[in-house]
Amino acid sequence: KDVYPEERSELLRESTSNSEPPWSPSAGDMCQVYSDSSGGWIDGTVESVDAMTGAVTVSYSKNGSKFTKDVYPEQRSELLRESQSKHELTWSPFVGARCQVYSESSGRWVEGVVDSIDVATGTVAVSYDNN
């Protein structure tokens with residue numbers, strides 16, 4: 001899969017197997033929630049985490065209106081992620097790096113490896129198994 005520079009923040013990230021433990025959301029955390037109606041990730045804030053169900057309530061603004069969305073544990077990997085601003089500053093893809101790429105056909109993040117980076121365009125080529 002080729003990931004163009006303008007798509008990097010949406011489709012490419014460092015592999016979680018490379019670094020720190022997976023993010024565990026807490027009230028007040030900056031995050032991103034996936035919005036079907038917007039067709040992408042929207043910045044938000046974790047309002048609460050239900051201790052009984054594990055549901056994460058996220059608030060976000062869209063078109064000047066404030067919304068909340070409950071994300072249940074089985075939805076987290078597809079609909080909720082830690083704010084990417086921290087990762088954008090600390091990780092840059094390099095050839096051979098383990099990464100995660102968003103597979104639009106399967107609707108989830110998959111493990112991959114950076115195969116090449118076109119220096120002229122900034123396009124990152126990633127190989128992954130979509131099983």
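The values are calculated or read from the model by the stated rules, or taken from the named source; none is laboratory data. Note that the structure is predicted; figures quoted are calculated from it, not measured. Here Cβ is always computed from backbone atoms with ideal geometry, including for glycine, and neighbour counts include all displayed protein chains. Keep in mind that these areas ignore ligands, DNA and RNA; they rest on the heavy atoms of the full protein, side chains included. Shrake-Rupley method; radii C 1.70, N 1.55, O 1.52, S 1.80 Å.
Looking only at the stretch 14-50, filter to residues that are of a type in the set (Asp, Glu) and open to solvent by 70 Å² or more (accessible area, probe 1.4 Å); which one of those is modelled with the highest pLDDT?
So the residue we want is Glu47.
Considering only the stretch 101-115, state which residues are modelled with pLDDT under 85, touching a Phe, Trp or Tyr at 6+ places or on another chain (Cβ under 6 Å) and among the small types (Gly, Ala, Ser).
The answer is none; no residue qualifies.
Return yes or no: is Asp118 modelled with pLDDT of 85 or more, more than 17 Å from the chain's Cα centre (by Cα) and farther than 15 Å from Arg8 by Cβ?
no
Mind checking whether some residue in the stretch 79-98 is in contact with a Gly (Cβ under 7 Å, 6 or more places away or on another chain) and touching a residue at least 12 places away in the same chain (Cβ under 8 Å)?
no
What pairs can you find where one residue is in the stretch 1-29 and closer than 16 Å to Arg98 by Cα, the other is among the β-branched types (Val, Ile, Thr) and at pLDDT below 80, and their Cβ atoms are less than 7 Å apart, with a gap of 6+ or different chains?
If the second residue must be among the β-branched types (Val, Ile, Thr) and at pLDDT below 80, the pairs left are Pro22/Thr16.
Among the residues of the stretch 108-131, write down those that are out of contact with any helix residue (DSSP H, G or I) (no Cβ under 6 Å at 6 or more places or on another chain), open to solvent by less than 30 Å² (accessible area, probe 1.4 Å) and either without any contact (Cβ under 8 Å) to a residue 40 or more places away in the chain or not in a strand (DSSP E or B) (or both).
Scanning the stretch 108-131 gives Val110, Val114, Thr123.
Among the candidates Thr68, Thr57, Thr53, single out the residue that is farther than 23 Å from Pro5 by Cα, in a strand (DSSP E or B) and open to solvent by 40 Å² or more (accessible area, probe 1.4 Å).
Thr68
Going residue by residue through the stretch 81-94, is there one that turns out to be modelled with pLDDT of 85 or more, open to solvent by 70 Å² or more (accessible area, probe 1.4 Å) and over 16 Å from the mean Cα position of the chain (by Cα)?
Yes: the stretch 81-94 contains one or more residues that are modelled with pLDDT of 85 or more, open to solvent by 70 Å² or more (accessible area, probe 1.4 Å) and over 16 Å from the mean Cα position of the chain (by Cα).
Which of the residues that make up the stretch 24-50 are more than 24 Å from Gly107 (Cα to Cα) and either outside any strand (DSSP E or B) or touching a Gly at 6+ places or on another chain (Cβ under 6 Å) (or both)?
Ser26, Ala27, Gly28, Asp29, Asp50
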